[in-house]
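Worksheet: the structure to be examined is printed underneath.
No value in this document is a laboratory result; all are computed from the given coordinates. A quick note: this is a predicted structure, and the numbers were derived from the prediction, not measured. Glycine gets a Cβ as well: all are built from the backbone with ideal geometry, and neighbour counts include every protein chain shown.
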């Protein structure tokens, strides 16, 4: 088994840590990596596509298992919609496998590059979280290998405690080796999308709240620079599946070639170069211009049909868009706040970001509902994800601002999501998970990983030492 | 490792530069440790003397009000323990950006006598110690395509003189070794800085015979090293006047040089 010392980064290029990289191809190789770690007294963490905005897939000076070598779809039953795949399989592989047969993954992230292992570890949600819950609710069964070498099978009934804790468990209890999921039946490769503007934060949140029951997906874009009466203005995209018969030619629209995002704009300009042209706008003034223009365009309320891939994988429209944020990269701050307190909390946070002169360049809102996974990030409310550019000059102030944000979110009864937030402290984590949950998780960890081999930089940061 | 709590996790808004100083307990090593810690580095400090090392760590950590220095008792001639220790240190620090090889001993034999034991010791520490450390470090930095190596050589390596053949040899070889590493590693994005101090007001200076012109404090050396690191320089003399002095000395013809008493 080859191990290479490599400098690894988070998604967003704002953090890096070196590690011995091992690419296992089988369960046995995962186990021998654990044995090696024990011998070398190093920690281990699994890494999928490396799409986390934080330190979830880094362990400085330890051993990182690059799971992308285990990416086979082992079975697909197009009559039941059950798919079984190895943990390094990406959502891209999955939807491309199932869609031509009339199915779609029930929950997807904003990028299709993520792996199943990563999706389950963070228990990702999509724009339909209010309806379909997180991805874990669609897992029928998974197998995993624990650092002890034990191979386990979990379903919502069998080993239920591990089922509900390994999914959402940030990869700290064991390594997924196979995942079986139920896909969702679709009758067209297209969605009907309603796009309409919202004038302010109140409009934004009430549209999400009132709109959600009528749609399958709902998501809001927020212009985080707008202030005063327009604070929190933006645009809502709400989509629903087409019913049987609405699409005259579903076989055609469900073909992969009618789904994939074109690599060129107008068939000419390669999108892979686009991030160079975005970078000059990545400052307060440039983004103000872009946001204002975008808002004005969004004032036209309209309805259109869009492919599933086009609607969901917004982050894949511009390849390497994260490079446009410059040398020090970007961070994302996502908070989940109950519906009763969200408006007041985010009003305060948006105003604070203006006061600091550090507005978010991209804000995205969603509607959520609670779930029963142990390390859940969901609430009966909303989430707001904000992207911030990091520079050598703004680090200190941005850090101070986010600490104030944390307090506001905690006070509002909110939570955080560890595929995203990179600055949350152990103290903050304790206060929203609650000591009982953490104790329960640590007890499970002791059982699955008695030698404490699985440890990411994220784990050390949020659960202390 | 010392008992101090682990250093804080690096985050995008609180990035950490992490370094190892081999030979950190006093003199230039301690001064550089204080300087780098003040600049925000998290450091692993290595030396033979446990008490001095712990004292230095305690001082650095209390003035920074957080853990910025961890201590590891180590003698560089224990070559075999180095790869394991290096892995442990990187895991403790959470990463590695800088390695400073500072360890050095000096046993002047006297102008007319000879001392193989002393010479051997100087080669074992000053040269082979450096090779033992910088070999695994270079390999890692080469793979990571990042990193910085600082080697403390000496003006004494620029010419073989009558006073201390073994020391001259150890430092000349170290300078050449560092140059070779530089030529290997620059293309992989790794910077190798050779530092050639002249006289520095340390314990070692007391062993030097005769006059000690242009002697500088260890703090001055530390400042010079830090500045050179930031600029990713290849070679510095400290005090800088030694560059010109040594240029001159290097060009003294042997016919004269071998008759000189210096």
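Please give the helix B:130-144 orientation as an angle from the longest Cα principal axis of chain B, in degrees from 0 to 90, rounded to the nearest 10.
50 degrees
Kindly state, as a whole number, the per residue volume in cubic angstrom of the convex hull around the alpha carbon atoms of the range A:70-185.
It is 96 Å³ per residue.
For peptide A:16-26, how many partner chain Cβ atoms fall within 10 Å of a residue's Cβ, on average?
Mean number of neighbouring Cβ atoms from other chains: 3.
Taking each residue in B:137-145, count the Cβ atoms of any other chain within 10 Å of its Cβ, then average. What number comes out?
Average neighbour count from other chains, rounded to a whole number: 3.
Can you give me the relative contact order of the range A:313-453 as a percent, contacts being Cα pairs under 8 Å and 6 or more apart?
About 31 percent, as a whole number.
Roughly what % of DSSP beta bridges within the protein assembly as shown run antiparallel, to the nearest 5?
65 percent
Quick check on chain A: helices-only [θ] at 222 nm, where DSSP H runs of length 4 and up contribute -39,500 (n - 2.57) each and the sum goes over total residues. Nearest 500, please.
Mean residue ellipticity at 222 nm (helix-derived): -8500 deg cm²/dmol.
Size of the range A:264-347 along its principal axes in angstrom, Cα-based, largest extent first?
Principal-axis extents of the Cα atoms in the range A:264-347, largest first: 48, 38, 24 Å.
How high is the relative contact order of chain A, in percent, counting Cα pairs under 8 Å that sit 6 or more residues apart?
18 percent
Let me know the shape class of the range A:257-397, please: from the alpha-carbon gyration tensor, a ≥ b ≥ c as square roots of the eigenvalues, rounded when a/c is under 1.5, otherwise prolate if a/b is greater than b/c, or oblate.
Cα axes put the range A:257-397 in the oblate bin.
Please label the shape of the range A:1-107 as rounded, prolate or oblate, based on the square roots a ≥ b ≥ c of the eigenvalues of the alpha-carbon gyration tensor (a/c under 1.5 means rounded; beyond that, a/b larger than b/c means prolate, else oblate).
oblate
Relative to the first principal axis of the alpha-carbon coordinates of chain B, what is the inclination of helix B:82-93, with its axis defined by its Cα atoms, in degrees from 0 to 90 and to the nearest 10?
Roughly 50 degrees between the two axes.
More than 22 Å apart: what percent of Cα pairs in the range A:190-427 qualify?
When every Cα pair of the range A:190-427 is considered, 57 percent fall beyond 22 Å.
Please report the Cα spread of the range A:134-263 along all three principal axes, rounded to whole Å, starting with the longest.
57, 45, 33
Mind giving me the nanometre distance, one decimal, between the label points for residue A:281 and residue A:29, set 7 Å out from Cα along Cα→Cβ?
Going by the 7 Å Cα→Cβ label model, 4.3 nm.
Share of Cα-Cα pairs in the range A:357-465 beyond 19 Å, in percent?
Roughly 52 percent, rounded to a whole number.
Largest first, please: the extent of the C-alpha atoms of the protein assembly as shown along each principal axis, to the nearest Å.
104, 56, 51
By average Cβ neighbour count within 10 Å, what is the ranking of A:428-434, B:154-160 from highest down?
Output ranking for A:428-434, B:154-160: B:154-160, A:428-434.
Using only Cα atoms, find the angle between the long axis of helix B:27-38 and the longest principal axis of chain B, and express it within 0 to 90 degrees, rounded to the nearest 10.
30 degrees
Calculate, in nm to one decimal, what residue A:78 and residue A:182 gain on full extension: separation in residues at 0.36 nm each, minus their alpha carbon distance.
The residue A:78-residue A:182 span can extend by a further 36.4 nm.
Can you give the Kirkwood hydrodynamic radius for chain B, in Å, rounded to one decimal and based on Cα pairs?
18.8 Å
Arrange the peptides A:13-23, A:100-110 so that the one whose residues have, on average, the most other Cβ atoms within 10 Å appears first.
Highest-to-lowest ranking by the protection proxy: A:13-23, A:100-110.
With each label point set 7 Å from Cα along the Cα-Cβ vector, what nm distance links residue A:302 and residue B:230?
Output for this residue pair reads 5.3 nm.
Using a/c under 1.5 as the rounded threshold, could you call the range A:239-294 rounded, prolate or oblate? The axes a ≥ b ≥ c are square roots of the C-alpha gyration tensor eigenvalues, and prolate needs a/b larger than b/c, oblate otherwise.
oblate
Please arrange B:167, A:217, B:72 by counting, for each residue, the other beta carbons lying within 10 Å of its beta carbon, fewest first.
B:72, A:217, B:167
Shielding by partners for A:4-13, please: the mean number of other protein chain Cβ atoms within 10 Å of each residue's Cβ.
Going residue by residue through A:4-13 and averaging, the value is 3.
Output the peptides A:228-239, B:108-119 sorted from most to least packed, where packing is the average of other Cβ atoms within 10 Å over each peptide's residues.
So the peptides A:228-239, B:108-119, ranked by packing, come out A:228-239, B:108-119.
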